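All remarks here apply to the structure that follows.
The values are calculated or read from the model by the stated rules, or taken from the named source; none is laboratory data. It should be emphasised that the depicted structure is a prediction, and the values quoted were computed from it without experimental measurement. In this analysis, Cβ positions are derived from the backbone assuming ideal geometry, glycine residues included, and neighbour counts consider all displayed protein chains.
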C-alpha cells in the first residue's frame, strides 16, 4: 500500500509493501482444494494466469506487483513454472501463543549479541512514525505526538507499532523479540491514521529527539523530493551525536540498475540509508538503489507487533530500517564511549558483503550484523598518515564516511588564513583538507572526488591558494568554488566570521601565533562562535568592525597578556580571559575554566598547526576538547589536566613523528 499526500511543493510519502496475516481465515482458506498464497510477479501482475488455474484474486497491492490469491494446491507447481513470476509463498496465520523469533534475528546474529549481554540497555531510540499502540509485548519509555487530537501511545494505522516491535519487543513468553529488546523505545508521532503527515511535523519530531537526547532516530518514511530544512535538521541531529536511520524507499526496480532511487531523508549523508533483503540475502526487488545506500537489513515478510495485541507480517524498507536501528543500539551499548561516526564505521566494517564486491548501490556495505564479544573490534585511537595532507584525508574519512556537501581547502603552510576556519567548517559540516599553494596533492584530490562535494571553500587569497587550483576544482565538476580571502589574516578571519550565524560571543586570539586559536576551536565551533584575530598590542580595524557588525556582547580572550595585552582586552566587550604560562597550559585551562566534558579528548602536537586544524572539526562534532603536547614529551600542564579530569579516552591526531608512540602506545 502506498499512501501519498501532497502539501504544496513537498511530497511526503509513507510507503509500505505489506502482507498481513489475519487471526481468522476466510472461507477460501478452509476450502479443501484451495489455499491462500502471495504471488510476486517480476514486472506487473497478471490476473489471467491466476484465473486460468482456477484461482481467485483475494487482494491487490496498487504499488507493487503482488497478488494475494486463493488457488488449488495442485496448481501451485504450474504457477511456479511461469516465467513471469518471481516467487510464490503461503500466507501465514499468526498466533499469540508462545514466543517466536523473526528470521531477521537469526540472519543479523542478534542472539550472539544477547549472549554477550548486549541487548540495547540504556540506549534511547526514537521511532518517528504513526505512534506506538499499547501492546502487551511492548513498553514505551515516553514520547510526543505532533498529530492533533491523538497521543503518542495511539496508533490508528499500525505501521509505527510494527516498526517498534522489530526494535524493542520484549523478551518474554509471548509474541516476538526485538533485536534490541533492552533498549528504551520512545514514540514520536509524526503521521496519522492514513500514514501521512506534514514536513513540519517531521521536523518537530527530530527537534524533540535532539532536545530529549535520543541516541538513535528511526525514520521508516520517505519524501520523494528533498527539503533544505529537513537536510538542516538531520545534519544538526547528527552533529549532536545522534544516529539517524532512514528507509531507502520502495520505488526501486527489479534489476536494481537505476542508481538514483534512494529517497529522502535516507539520501542525506547524515542519515544511514537502508535497503531491504529477503531470507536468502537477496535484495527486495522494490528496494531503492543508489550510491547513498549504507547497509542492508531484513525487510521481507518481517513479523512484528501490531494493533489490538496482535502480530502482522510486513515487507518493505520500512521494516529493514528498524533492524539497523536495533543493531545500532547494540553497538552503542558495546561501545559506550564511541562517537556516532565511529559506530557507523563499525557497523560498515562488520556487515556481510552482498552483491558486487565492496560497497555497491544495491546493498551498500552489505547485511548488518550484530556486535558480540567474539567480533568486538578495538576502536582506532590514532588518526595518522605519512604527512599532514594524508592525516587530513584520514580525518575526513573518519568523520565523513560517505560524502560531504562542502569541503574547506586551506594552505598547509599558511596557518594564519586557516586558523579561524574550524567553526565555519563545523557549521557547514565540512572536512578541512590541505593543499600546496599551486597544486593539490593526489591524496587530497582523491578525497575530494570521493566526497563528491557540491561546493569547495578556499581559505585565503591567491597568494595562499592560486587561481589555478580554483580552475582545477571547477574542472572536476565542482558546482561552486568560493574564496574567502583578504588583504591580511585579520581580514580573512573577518570574512570567515561573516559566514557564521548570529551569536553574542566571540573568541579573541593572537593572529601571529596559532596554538591558542586551535585549542579553543572545538568549543567555539559547537557553540557557533567565531574566532577573531588580533595583534598583541593593537586591535585590527577589521576585528573591531566584526565585533560591532555581529553585535558581540561577550568575548573570551585566549592567551595571557603576552599574546593579547590588557590594553586590547580593555576595548573588548565583557571579557573572560583564559591564560597560562605557555600554549600547553592555555589548552589545559580552556578545559578547566569552561568546564568542558572530558569523557573523550583529542591530542595533537603544539609545534605545528596542520593536524590540530583538520582535527578540530571532528573534535567539535564529538564535543571533545583539544589537548596539546610536545612530540616526545608530555608537558607538565598536559599531564596535570589528564590526571585531574581522569581523561582516559584520548585519540591522537597525527603520526608518530608528530606525537610519539612512547607517549601513547597506539
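Please enumerate the residues belonging to segment 599-649 that are within 15 Å of residue 398 (Cβ to Cβ) and surrounded by fewer than 19 Cβ atoms within 10 Å (Cβ to Cβ).
Correct list: 600 only.
Tell me yes or no: at least one residue of segment 201-213 is in contact with a strand residue (DSSP E or B) (Cβ under 6 Å, 6 or more places away or on another chain), in a loop (DSSP other than H, G, I, E, B), surrounded by 24 or more Cβ atoms within 10 Å (Cβ to Cβ) and assigned by TED's automatic domain parsing to the domain that holds residue 324.
In the first step, residues of segment 201-213 are kept if they are in contact with a strand residue (DSSP E or B) (Cβ under 6 Å, 6 or more places away or on another chain); the result is 205, 208-209.
Right, trim to in a loop (DSSP other than H, G, I, E, B) and you get none.
Checking segment 201-213: not a single residue is in contact with a strand residue (DSSP E or B) (Cβ under 6 Å, 6 or more places away or on another chain), in a loop (DSSP other than H, G, I, E, B), surrounded by 24 or more Cβ atoms within 10 Å (Cβ to Cβ) and assigned by TED's automatic domain parsing to the domain that holds residue 324.
Search segment 395-413 for residues being surrounded by fewer than 19 Cβ atoms within 10 Å (Cβ to Cβ) and in a helix (DSSP H, G or I), and hand back the single one that is modelled with the highest pLDDT.
397
Would you be able to say whether some residue in segment 560-583 is part of a helix (DSSP H, G or I), closer than 30 Å to residue 387 by Cβ and in the same structural domain as residue 447 (by TED's automatic domain parsing)?
Looking only at segment 560-583, we keep the residues that are part of a helix (DSSP H, G or I), and these are 566-569, 583.
In the following step, the residues that additionally are closer than 30 Å to residue 387 by Cβ were identified as 583.
Filter again for in the same structural domain as residue 447 (by TED's automatic domain parsing), leaving 583.
Within segment 560-583, one or more residues are part of a helix (DSSP H, G or I), closer than 30 Å to residue 387 by Cβ and in the same structural domain as residue 447 (by TED's automatic domain parsing).
Can you tell me which residues in segment 546-559 are in contact with a strand residue (DSSP E or B) (Cβ under 9 Å, 6 or more places away or on another chain) and assigned to a helix (DSSP H, G or I)?
546, 547
When you go through 454, 461, 422 one by one, which is the residue that is modelled with pLDDT under 95 and in contact with a helix residue (DSSP H, G or I) (Cβ under 7 Å, 6 or more places away or on another chain)? Please lay out each step first, then the result.
Working: 454 fails: in contact with a helix residue (DSSP H, G or I) (Cβ under 7 Å, 6 or more places away or on another chain); 461 fails: in contact with a helix residue (DSSP H, G or I) (Cβ under 7 Å, 6 or more places away or on another chain).
Of the residues listed, the single one that is modelled with pLDDT under 95 and in contact with a helix residue (DSSP H, G or I) (Cβ under 7 Å, 6 or more places away or on another chain) is 422.
Testing residue 218 on (1) surrounded by fewer than 19 Cβ atoms within 10 Å (Cβ to Cβ); (2) in a strand (DSSP E or B), one condition comes back false. Which one is that?
Just one mismatch for residue 218, condition (1).
Being assigned to a helix (DSSP H, G or I) and closer than 26 Å to residue 180 by Cα is the filter here; which residues of segment 347-389 pass it? Can you show your working first?
Looking only at segment 347-389, we keep the residues that are assigned to a helix (DSSP H, G or I), and these are 347-350, 388-389.
Those that are assigned to a helix (DSSP H, G or I) and closer than 26 Å to residue 180 by Cα: 347, 348, 349, 350.
Mind telling me which of the residues 245, 300 ends up being touching a helix residue (DSSP H, G or I) at 6+ places or on another chain (Cβ under 6 Å), closer than 30 Å to residue 41 by Cα and either assigned to a loop (DSSP other than H, G, I, E, B) or modelled with pLDDT of 95 or more (or both)? Steps first, answer last, please.
Values: 300 fails: touching a helix residue (DSSP H, G or I) at 6+ places or on another chain (Cβ under 6 Å).
Sole residue among the options that is touching a helix residue (DSSP H, G or I) at 6+ places or on another chain (Cβ under 6 Å), closer than 30 Å to residue 41 by Cα and either assigned to a loop (DSSP other than H, G, I, E, B) or modelled with pLDDT of 95 or more (or both): 245.
Would you mind stating whether residue 164 is touching a residue at least 24 places away in the same chain (Cβ under 8 Å) and outside any loop (DSSP other than H, G, I, E, B)? Walk me through it before giving the result.
Working: touching a residue at least 24 places away in the same chain (Cβ under 8 Å): yes; outside any loop (DSSP other than H, G, I, E, B): yes.
Judged against the criteria, residue 164 is a match.
Between 598, 536, which is part of a loop (DSSP other than H, G, I, E, B) and modelled with pLDDT under 95?
Numbers: 536 fails: modelled with pLDDT under 95.
The match here is 598.
Which of (1) surrounded by fewer than 21 Cβ atoms within 10 Å (Cβ to Cβ); (2) in contact (Cβ under 8 Å) with a residue 12 or more places away in the chain; (3) closer than 18 Å to residue 491 by Cβ is the odd one out, the single condition residue 569 does not satisfy?
(3)
With respect to residue 521, determine if the residue is in the same structural domain as residue 566 (by TED's automatic domain parsing), in contact (Cβ under 8 Å) with a residue 60 or more places away in the chain, closer than 27 Å to residue 240 by Cβ and part of a helix (DSSP H, G or I). Break it down into steps so the answer makes sense when it comes.
Numbers: in the same structural domain as residue 566 (by TED's automatic domain parsing): yes; in contact (Cβ under 8 Å) with a residue 60 or more places away in the chain: yes; closer than 27 Å to residue 240 by Cβ: yes; part of a helix (DSSP H, G or I): yes.
Against the criterion (in the same structural domain as residue 566 (by TED's automatic domain parsing), in contact (Cβ under 8 Å) with a residue 60 or more places away in the chain, closer than 27 Å to residue 240 by Cβ and part of a helix (DSSP H, G or I)), residue 521 qualifies.
Could you list, in sequence order, the residues of segment 32-53 that are touching a residue at least 24 places away in the same chain (Cβ under 8 Å), surrounded by fewer than 19 Cβ atoms within 10 Å (Cβ to Cβ) and not in a loop (DSSP other than H, G, I, E, B)?
Selection gives 35, 49.
When residues of segment 414-445 are filtered for being farther than 18 Å from residue 234 by Cα, in contact with a strand residue (DSSP E or B) (Cβ under 9 Å, 6 or more places away or on another chain) and part of a loop (DSSP other than H, G, I, E, B), how many remain?
8
Restricting attention to segment 510-522, and to residues there that are within 33 Å of the chain's Cα centre (by Cα) and buried (at least 24 other Cβ atoms within 10 Å of the Cβ), which single residue is modelled with the lowest pLDDT? Before the answer, list the steps.
Of segment 510-522, the ones within 33 Å of the chain's Cα centre (by Cα) are 514-522.
Right, trim to buried (at least 24 other Cβ atoms within 10 Å of the Cβ) and you get 515-522.
Working: 515: 84, 516: 87, 517: 87, 518: 87, 519: 92, 520: 95, 521: 93, 522: 94.
Restricting to residues being within 33 Å of the chain's Cα centre (by Cα) and buried (at least 24 other Cβ atoms within 10 Å of the Cβ), the top hit is 515.
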